[in-house]
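Q: The structure that follows is given in the form of structure tokens.
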Amino acid sequence: GGRQLVHSRAMVFPDFDPVAIRLGPLAVRWYGLMYLAGFAAAWWLGRQRARRPAAVIGPQAMDDLLFYAALGVILGGRLGYILFYGFDAWLADPLKILRVWEGGMSFHGAAIGLLLGGLIFCRLKKINFFATADIYVVTIPIGLFFGRLGNFINGELFGRPSNVPWAMIFPAGGPVTRHPS
């Protein structure tokens, strides 16, 4: 690999406060709000697609399906993080899984949870999984978009070293310019 340069005109990561709102001891974080925005957008788009004549489920059933999917994303994302990235810490302190304010969600676990949530819903309702997946799979990029915004606000997943004009210096990424993920 070539040497990475820090440009004198490099963009510096904005000093975001990861907490959007403080209500006494309660801190509402941007990352959590991004999850809510992603779920709300997925719900809206899913209902729109369920209204189409060829849809195998209607908007009301889509509400139920998206509940299972959202639950799968949250539980799968957290369990995936523990299993893939924090298993030793979890073994030392099993209650760590409940401390969501310390962070830790996994895309891989969320994807598995989403599929399992969809499968469980379809089995309970006796509906074809692939036909329903055709309706809700288009909502996944929306959730990823909002999740990445949350990652950016947190200054995490900052990307690879790069010299592109929009590369920036992230506090946790060292003095090297990086392509924002």
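Q: ³J(HN,Hα) across the stretch 85-100 via Karplus (A = 6.51, B = -1.76, C = 1.60, θ = phi - 60°), whole Hz, x for Gly/Pro?
A: Going residue by residue, I get 10, x, 5, 5, 5, 5, 4, 6, 8, x, 6, 4, 4, 7, 8, 5 Hz, with x marking Gly and Pro.
Q: Carbon and sulfur atoms: what percent of the 1.4 Å accessible area of the chain do they account for?
A: Numbers: 7790 of 11440 Å².
Of all accessible area on the chain, carbon and sulfur atoms account for 68 percent.
Q: Mind ordering 130-140, 21-31, 47-57 by average Cβ neighbours within 10 Å, highest first? Write out the running numbers ahead of the final one.
A: Values: 130-140: 17.2, 21-31: 12.0, 47-57: 14.2.
Answer by packing, highest mean first, reads 130-140, 47-57, 21-31.
Q: By the gyration tensor of its Cα atoms, with a ≥ b ≥ c the square roots of the eigenvalues, what is the shape of the stretch 1-152: rounded for a/c under 1.5, prolate for a/b over b/c, or oblate?
A: Prolate shape, in that a/c is at least 1.5 and a/b is the bigger ratio.
Q: Residue separation times 0.36 nm, minus the C-alpha to C-alpha distance between Ala27 and Val56: what's the value?
A: Gain on extension, Ala27 to Val56, equals 6.4 nm.
Q: How much net charge surrounds Phe13 when only the other residues with a Cβ under 14 Å from the Cβ of Phe13 are counted, with Lys and Arg +1 and Asp and Glu -1?
A: Values: positive: Arg178; negative: Asp15, Asp17, Glu156.
Result for the local shell: -2.
Q: While we're here: In the stretch 125-171, which trypsin sites (Lys or Arg not before Pro) are in a loop and have at most 10 other Cβ atoms within 10 Å, using DSSP for the loop call?
A: Lys126
Q: Measuring from centroid to centroid over Cα atoms, what is the spacing of the stretch 66-134 and the stretch 158-180 in Å?
A: That distance is 30 Å.
The values are calculated or read from the model by the stated rules, or taken from the named source; none is laboratory data. For clarity, every value in this text was computed on a predicted model and none was experimentally measured. Note: ideal-geometry Cβ built from the backbone for every residue, glycine included; neighbour counts use all protein chains shown. For the accessible areas, the whole protein counts, side chains as well, though only heavy atoms, and no ligand, DNA or RNA atoms are used. Shrake-Rupley method; radii C 1.70, N 1.55, O 1.52, S 1.80 Å.
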